[in-house]
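**Student:** Dumping the structure here so I can ask a few things about it.
Derivation of every value follows stated rules applied to the coordinates shown; laboratory data play no part. Being a predicted model, the structure only gives us computed values, none of them experimental. So basically every Cβ, Gly included, is an ideal-geometry build from the backbone, and we count neighbours across all protein chains shown.
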Amino acid sequence: MEDMRIELANFLFVISYMSYDITKIIYVKEDPVDAENVATFVIDTSNWKQPQTDDDIVRITTFIANIATQTLLKSQRHGANKFDVLVYMENFKVGYLADILKSLFPEKLRKATLIDPPKIFITSYEIVKTFLDKPTRKKVELISTKDNKQIYVDVIED
């Protein structure tokens, strides 16, 4: 019954956000949970359009919160109490997502993998990470598919 309510909420959201089908952009990864029983949700921004109105911002925030909740519930059904997020950063402002997840799901993010972040983000992150505590830095991984390499992963030992 819970899954049916979530699907109905997704359907109603898509209808109310007519500019594009958000369920193809933000979704819970269908693969089973990983070896540590943690589920992942994906934001594929290749077709992302920034919200233009306050109503759009409320709708997209609600949808992201809904997807993050579904992902956390999927992890919890397998005994974990965290989730991962995978973001393809082509047209997305990560600060927006970070604010949503931080306020609605404190201490539930296990790892954020950011694919193809813009150079300005990489440069900014190099500065900002010095102010982040070790557990927070360990949650962030930057990957470049263009250069086929991992740009940043914190390997600090506790």
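**Student:** Can you list the lysines whose alpha carbon sits under 18 Å from that of K82, skipping same-chain ones fewer than 8 residues off?
**Tutor:** K29, K74, K102, K108, K111, K134, K138, K139
**Student:** Show me the ranking of peptides 23-30, 133-140 by mean Cβ neighbours inside 10 Å, starting with the highest.
**Tutor:** Descending mean neighbour count gives 23-30, 133-140.
**Student:** Which lysines, if any, have their Cα less than 18 Å from the Cα of K146, not counting same-chain residues under 8 positions apart?
**Tutor:** Reachable lysines: K119.
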